[in-house]
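Worksheet: one structure, shown below.
The values are calculated or read from the model by the stated rules, or taken from the named source; none is laboratory data. In this text, all values refer to a predicted model and were calculated from it rather than measured experimentally. Reconstructed Cβ throughout: ideal geometry from the backbone, glycine too, with neighbour counts over all protein chains shown.
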Amino acid sequence: MQPTLFLSHGSPMMALQDIPARRFLAGLPGDLMRPDAILVVSAHWETAVPSLTASAAPPTIHDFMGFPAALHAMSYPAPGAPDLAVRIAEMLGNAGLRTALDQRRGLDHGAWIPLVLMYPDHDIPVVQLSVQRGLGPGHHLQLGRALASLRQENILVLASGNFTHNLRALQRTNADAAPEWVDRFAEWMDQAITAGRTCDLVSYRQLAPFAVENHPTDEHILPLFVAMGAAGENTVPTRIHSSTDLSVLRMDAYRFD
């Protein structure tokens with residue numbers, strides 16, 4: 001059975017720069033069964049209702065500016081899986097969630113940056129699922145729970161966000177050292193995740209120290225809740241990576257088995 005994953009995708013430059021999180025992602029497939037398909041939940045696609053890419057050949061979206069030409073030249077031409085997208089929409093509908101299929105949407109950098117490092121041969125079909133920032137963690141936990149049976153079908157649910165994400169506080173000096181307010185939030189979250197304190201996590205904005213400082217808006221932590229829900233009942237969470245990039249981006253990753 002596949003685990004579910006929460007990965008921090010960091011800056012798009014991770015595709016080019018040798019940082020610890022990049023090395024971790026490149027080696028991660030060695031600890032996984034090869035999936036038959038991948039469902040990626042990316043923080044960079046926000047919609048009013050859960051939406052799924054339904055193209056047979058989703059294009060690579062370069063949804064960033066001011067980065068090197070080499071990054072803009074990269075592509076990830078993985079096949080889509082329209083039939084799987086339709087079936088996932090039906091699963092969400094059966095759980096009472098209104099959904100939409102998007103025939104034109106491609107893979108944004110929250111999806112293809114991790115995938116180009118993990119599966120560079122781009123030969124595994126990929127469907128992307130959007131997030132709904134205004135509906136909060138509880139909605140995304142419910143969303144994930146509706147998808148729990150995918151694990152038994154050798155479909156990898158890969159939730160891509162960032163464990164901390166305050167771009168206004170980015171520092172390009174002393175990039176390996178996180179300030180106390182970043183580490184305190186990350187450690188509270190880790191303790192809550194590994195202890196299975198789901199109710200506390202759903203209320204993280206009220207309970208976690210420095211929650212708003214680390215997530216001025218919470219779209220980058222919402223994929224975590226999809227991964228938690230899609231893991232199903234009685235699963236074991238494990239922090240499988242922890243590092244810091246650009247001082248304030250904690251690149252932590254979790255596996256739910």
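The figures follow:
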item: Pairs with Cβ under 9 Å, 6+ apart, first in the stretch 112-139 and at positive phi, second crowded, with 21+ Cβ neighbours inside 10 Å and among the β-branched types (Val, Ile, Thr); result: HIS122/VAL116
item: From the options GLY144, GLY96, GLY134, residue that is surrounded by fewer than 17 Cβ atoms within 10 Å (Cβ to Cβ) and assigned to a helix (DSSP H, G or I); result: GLY134
item: Extreme residue, surrounded by the most Cβ atoms within 10 Å (Cβ to Cβ), among residues of the stretch 18-39 that are in contact (Cβ under 8 Å) with a residue 12 or more places away in the chain and closer than 24 Å to PRO68 by Cβ; result: ALA21
item: Filter pass, THR235 being farther than 24 Å from LEU167 by Cβ and either surrounded by fewer than 20 Cβ atoms within 10 Å (Cβ to Cβ) or touching a residue at least 40 places away in the same chain (Cβ under 8 Å) (or both); result: yes
item: Residue check for THR244: modelled with pLDDT under 95 and surrounded by 14 or more Cβ atoms within 10 Å (Cβ to Cβ); result: yes
item: Check on LEU101, surrounded by fewer than 19 Cβ atoms within 10 Å (Cβ to Cβ), in contact with a Leu (Cβ under 9 Å, 6 or more places away or on another chain) and of a type outside the set (Phe, Trp, Tyr); result: yes
item: Residue under evaluation ALA15, criteria (1) touching a strand residue (DSSP E or B) at 6+ places or on another chain (Cβ under 9 Å); (2) buried (at least 20 other Cβ atoms within 10 Å of the Cβ), criterion not met; result: (1)
item: Matching residues in the stretch 99-114 - criterion: being over 14 Å from VAL40 (Cα atoms) and either assigned to a helix (DSSP H, G or I) or among the basic types (Lys, Arg) (or both); result: ARG104
